[in-house]
Amino acid sequence: MITHIVLFQLDDKLAGEEKDLHLAALKSDFEQLPHTIKELVDLRIEINANPSEKYDLALIAHCEDLQKLHDYATHPDHVALVGKYIKPYLVSRACVDYRD
């Protein structure tokens, strides 16, 4: 099993209630991906509760192997959500993939 953890820092042009709504919609939509992408065992989004930290959210996903992780990452449903919620606002990203 591969655990895929990605941290995202989003641009400050998202702030206050607008940022809260954006993150809530992002969480809701991304957490539906295991229903449409068979390579995902599960996926969850955690919103950072500590405003003094750099990263705004963590994505935690599980796939059976690195090939299935790649298939998920390039799946059109995933790519569409990244284009909608992440790319326009991305400042920084960090990722770790480890074997369970």
Against the condition closer than 21 Å to Lys87 by Cα, touching a residue at least 40 places away in the same chain (Cβ under 8 Å) and not basic (Lys, Arg), how does Leu33 come out, does it pass? yes
Residue ID - nearest to Leu59 (Cα to Cα), chosen from residues in region 26-40 that are of a type in the set (Asp, Glu) and in a loop (DSSP other than H, G, I, E, B): Glu31
Considering only region 61-100, state which residues are within 14 Å of Leu33 (Cα to Cα) and touching a Ser or Thr at 6+ places or on another chain (Cβ under 7 Å). His62, Asp77
Criterion first (exposed (fewer than 13 other Cβ atoms within 10 Å of the Cβ), farther than 14 Å from Val82 by Cα and free of Cβ contacts under 8 Å to residues at least 60 places away in the same chain) does Ala24 satisfy it? yes
Any idea which of Leu43, Leu69 is modelled with pLDDT of 95 or more and assigned to a strand (DSSP E or B)? Leu43
Enumerate the pairs (first residue in region 58-70 and in contact (Cβ under 8 Å) with a residue 12 or more places away in the chain and surrounded by fewer than 17 Cβ atoms within 10 Å (Cβ to Cβ); second residue anywhere and of a type in the set (Lys, Arg) and in a strand (DSSP E or B)) with beta-carbon separation below 7 Å, excluding pairs fewer than 6 apart on the same chain, so at least 6 apart or on different chains. Ile60/Arg44
Give Glu31, Glu18, Glu53 a once-over and let me know the one that is more than 15 Å from the chain's Cα centre (by Cα), within 23 Å of Val96 (Cβ to Cβ) and not β-branched (Val, Ile, Thr). Glu53
Of the conditions (1) modelled with pLDDT of 95 or more; (2) outside any strand (DSSP E or B); (3) of a type outside the set (A, V, I, L, M), His62 fails just one. Which one is it? (2)
Say whether the condition of being at pLDDT 95 or above, part of a helix (DSSP H, G or I) and touching a helix residue (DSSP H, G or I) at 6+ places or on another chain (Cβ under 8 Å) is met by at least one residue in region 14-25. yes
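The values are calculated or read from the model by the stated rules, or taken from the named source; none is laboratory data. This is a predicted model, so every value here is computed, not measured. Ideal geometry is used to build each Cβ from the backbone, glycine not excepted, and the neighbour counts take in all protein chains shown.
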